[in-house]
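Before any comments, here is the structure.
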Amino acid sequence: MIHTDALVIGAGPVGLFQVFQLGLLGLKAEIIDVLPQAGGQCIALYPDKPIYDIPGVPLCTGRELTQQLLVQAMPFMPADAPDAPSRNLHLGHMVSELRACADGGFQIETDKGLLIQARAVFIAAGAGAFVPRTLNLPGLAEAGNVHHFLHEASGTTAPWAGQHLIIHGGGDEALSAALSIARHPDLAQRPARLSLLHRRDQFQAEADLDAAVRDLMAAGEINLIVGMPTEATVDDGLVTSLQILGTDGQTRSQPLDHLLIRLGMSPKLGPLSNWGMALERKQVAVNTASFESSIPGLYAVGDINVYPGKKRLLLCGFHEATLAAHHAAAALNPDAPQHLLYTTTSPLLHQRLGVAK
C-alpha cells in the first residue's frame, strides 16, 4: 500500500501540471495513467503536430510540451537515477476501484494490483482512459507479439528488430509509426522487413506524411499489403500469420513475426462512471470555486469535467488544476495558514523547487 497526500489519475499535460501545483503547496502526489508513456492525448493522438495556444509558447508539439511539463514537475517526481523513471509515476495502470475510507480519503486499486491510499484524488483523465483500438480477431488479445505502441524504452532492443513487422492501419498513427521505424537512426533497431497493411491503397493521413511513406515504398523500404485481416493463426501464444482478404476477393496467408496495430485510440469512461460522482453526459460535474466533484476530496480537472461555460482547452485545464490544488491544500491542512506565495520571491517555494537563491 502506497500512502500519499494525493493521487492524480491521468498523466497528460493537465495531470502533470496538477502534480507540479500540488508539489508547490507541499503535497506529495502519485500519478497513474493507462498509457505506457506520459503525455495523454498529446502523445497518443498528435505527438508531432503543432500546438499554438500555450501561453508564452508560440509553437510546440505535443511531444515537446510533454517533455517540458515533465521537466517542470521533476522536483516532485523523484527518480533513482537521471535516466530512471519517476518513482511516483505509474504507467500502464488503469484504476479499477476507488473506495472512500471511513476515516477520510480514498483507497485506490489498479487493474495490475497497485494499491494506493490518498487523502485526495484528482481526475485528469481527459475524455476518459485512452485505450488503443484493436482487431477483433480470436487469439490476438493474448498474443505476445501483438503491439499497439512504438518501442520507447531507451537502452533496450525493439522486439521487432531484425524480424518481419506488419503495421496495420492507414491513418496518421500507422504512417507515422512506419516512418519512425523505417528511419530509426540505429540500424540494429530496424526490422528486417517492414510491411504496412491497409484495406486499400489510399491513406487517411497528412499529405506530407503520406508522401514520405510513399517514397519509402517506392524505394522498397516499406511493403504495402492491401486487404482486410479476417483471421489470425496463433501458435504457442504468438501470431504466426494473418489471413487477409484482398480486393480481388481472394484470401491469402501472410506470415509475420510481429504485428503493430495502429488504428487510433478510443476514450473509455470505464470504472469512473461507478464511483458515485454526479455526471453530465459522461463528464464529471464540478464546483468552479474548487473543481471538486459531488464527492468531497474528489476533484476533476481538464476535459473530463463539465460546468457552465466550460471550454475544452489546455490552458483552461492548467487554470483548473491550480485552483483545485489550492482548495485541496486548505482542506487537507485546515490549521495551516493559506498565504498565496509567488515563485519569483518565496524562499519556501524555491526550497521545494530545489532552486538555489
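The values are calculated or read from the model by the stated rules, or taken from the named source; none is laboratory data. Everything numeric here is computed off the predicted structure, so don't read it as measured data. Counting neighbours? That spans all protein chains shown, and the Cβs are built from the backbone with ideal geometry, glycine included.
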Please go through the range 82-103 and give me each residue that is in a strand (DSSP E or B) and of a type in the set (A, V, I, L, M), ordered by number.
L89, L91, V95, L98, A100
When restricted to L115, L140, L91, the only residue hydrophobic (A, V, I, L, M, F, W, C), buried (at least 16 other Cβ atoms within 10 Å of the Cβ) and touching a residue at least 24 places away in the same chain (Cβ under 8 Å) is L140
Listed by range, strands (runs of 3 or more DSSP E) wholly within the range 218-267 having at least 3 residues that are of a type outside the set (A, V, I, L, M) are 228-235, 238-245, 251-255
Considering the range 12-34, residues that are among the small types (G, A, S) and in a helix (DSSP H, G or I), and then whichever is surrounded by the most Cβ atoms within 10 Å (Cβ to Cβ), we arrive at G15
Scanning the range 99-145 residue by residue, those more than 22 Å from the chain's Cα centre (by Cα), within 30 Å of A174 (Cβ to Cβ) and among the small types (G, A, S) turn out to be G139, A143
Tally of residues being at pLDDT below 95, in contact with a helix residue (DSSP H, G or I) (Cβ under 6 Å, 6 or more places away or on another chain) and not in a helix (DSSP H, G or I) across the range 162-202:
0
Which condition does T343 not pass, out of (1) assigned to a loop (DSSP other than H, G, I, E, B); (2) free of Cβ contacts under 8 Å to residues at least 40 places away in the same chain, if it passes all the others?
(2)
With respect to G113, determine if the residue is part of a loop (DSSP other than H, G, I, E, B), in contact with a helix residue (DSSP H, G or I) (Cβ under 9 Å, 6 or more places away or on another chain) and not hydrophobic (A, V, I, L, M, F, W, C).
no
Looking at (1) closer than 25 Å to L25 by Cα; (2) of a type in the set (G, A, S); (3) without any contact (Cβ under 8 Å) to a residue 24 or more places away in the chain, which is the only condition A120 fails?
(3)
Quick check on my filter: what residues within the range 264-283 are closer than 16 Å to I9 by Cβ and either buried (at least 16 other Cβ atoms within 10 Å of the Cβ) or among the small types (G, A, S) (or both)?
P267, K268, L269, G270, L272, S273, W275, G276, M277, L279, Q283
If you go through the range 272-295, how many residues are outside any loop (DSSP other than H, G, I, E, B) and either of a type in the set (G, A, S) or more than 20 Å from Q18 (Cβ to Cβ) (or both)?
5
Within the range 284-317, can you find the residues that are crowded, with 19+ Cβ neighbours inside 10 Å and within 19 Å of the chain's Cα centre (by Cα)?
A300, V301, G302, D303, I304, N305, L314, G317
The range 314-340: number of residues that are touching a residue at least 60 places away in the same chain (Cβ under 8 Å) and of a type outside the set (S, T, N, Q):
13
